[in-house]
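What follows is a set of notes on a single structure, which appears directly below.
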Amino acid sequence: MKVFGVLIAIQLLVSFSSVACDQFGQTGFMPENDLNIPVQEGIKPNMTQKEFNTIIGDIAAIYRPIIKKLGGKLYMNNKWKSGTVNASAMQFLSFWMVNMYGGLARHPLVTPDGFALVVCHEMGHHMAGYPKIGNRGWASNEGQADYWGNLKCMRKYLEGRDNIGFVSKLTVDKVVEAECNAVYKTAEENALCKRTSMAGLSLAKLLNSLKKGSKAIDFTTPDRSITKAMNDKHPPAQCRLDTYFAGSLCTKDKDEDVSNKKSSDGVCTRDDGYKEGTRPLCWFSRT
């Protein structure tokens with residue numbers, strides 16, 4: 001009976017695995033869109049199904065034992081054949097799910113590192129701590145999931161890889177080059193900063209492409225707006241780029257835990273005197 005109950009719960013999650021990032025099933029990694037990129041014979045995608053599954057599996061392997069200690073059971077729903085250009089996360093009782101769609105992986109603006117950062121974003125809804133959507137419930141809000149994705153998850157995912165060699169072949173933005181060089185002194189930390197920052201650029205370009213005629217996003221044009229209240233929804237593309245970049249520049253240890261009740265634990269805050277790596281005020285409210 002116990003096994004039967006587990007199967008029923010999983011089936012319910014899969015059945016309702018629309019593009020939902022919050023506990024109410026209303027949002028995905030991206031705003032709602034009608035993009036659809038199906039598998040097409042004879043056309044080589046920028047990411048193979050094997051790469052798709054490997055990236056998801058590697059990140060799941062990191063967090064599955066952590067989630068188990070928290071009393072949850074992690075399920076990765078790999079929907080390679082789906083043309084949906086989005087991703088989502090859901091919780092039902094002790095079942096924690098991440099839904100990843102092949103259409104997102106096949107989008108020409110999404111690099112493998114950018115795709116990994118989306119997996120981290122979805123894991124962040126489960127793991128990134130406060131602030132939470134609506135200041136309650138299980139899901140960390142969109143900005144926090146973005147920030148945590150580069151600050152914690154991508155660093156764990158890329159640990160032990162040849163990041164220095166990877167970055168040596170990567171075209172790194174000049175602002176990223178300068179900022180990462182100023183903040184990080186070791187070659188490995190420096191390479192991670194640059195690699196994760198450029199992963200964020202991949203996603204920000206994708207997000208910005210949803211709005212026709214929108215102003216180009218760039219590391220040289222950060223969003224200077226200041227929100228009056230915590231924005232739990234999807235911030236604008238430039239604001240999200242700034243958030244990814246801040247996560248890369250924050251020098252807090254990747255293994256230092258965040259909190260489900262306080263927005264200051266395990267992150268870089270202005271109150272603690274950090275000048276770099278703090279969450280942008282275009283979505284994050286200190287009040």
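The values are calculated or read from the model by the stated rules, or taken from the named source; none is laboratory data. Note that this is a predicted model, so its numbers are computed, not measured. Every residue, glycine as well, gets a Cβ built from its backbone with ideal geometry; the counts of neighbours run over all protein chains shown.
Miscellaneous remarks
Results for (1) within 17 Å of the chain's Cα centre (by Cα); (2) at positive phi; (3) modelled with pLDDT of 95 or more; (4) part of a strand (DSSP E or B), shown as yes or no for each residue.
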| residue | (1), (2), (3), (4) |
| --- | --- |
| 24 | no, no, no, no |
| 31 | yes, no, no, no |
| 40 | no, no, no, no |
| 45 | no, no, no, no |
| 81 | no, no, yes, no |
| 90 | yes, no, yes, yes |
| 97 | yes, no, yes, yes |
| 110 | yes, no, yes, no |
| 115 | yes, no, yes, no |
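- Inspection of the range 56-64 finds a residue satisfying the criterion of being in contact with a Leu (Cβ under 9 Å, 6 or more places away or on another chain), of a type in the set (Gly, Ala, Ser) and surrounded by 13 or more Cβ atoms within 10 Å (Cβ to Cβ).
- Helices (runs of 4 or more DSSP H) completely within the range 130-177 that count 1 or more residues being among the small types (Gly, Ala, Ser) and over 16 Å from residue 202 (Cβ atoms): 142-148, 163-168
- Yes/no for residue 76 being within 20 Å of residue 146 (Cα to Cα), under 20 Å from the mean Cα position of the chain (by Cα) and in a loop (DSSP other than H, G, I, E, B): no
- Scope the range 182-193; condition buried (at least 18 other Cβ atoms within 10 Å of the Cβ) and free of Cβ contacts under 8 Å to residues at least 40 places away in the same chain; matching residues: 190, 191
- Scope the range 160-181; condition in contact (Cβ under 8 Å) with a residue 60 or more places away in the chain and either of a type in the set (D, E, K, R) or surrounded by fewer than 15 Cβ atoms within 10 Å (Cβ to Cβ) (or both); matching residues: 179
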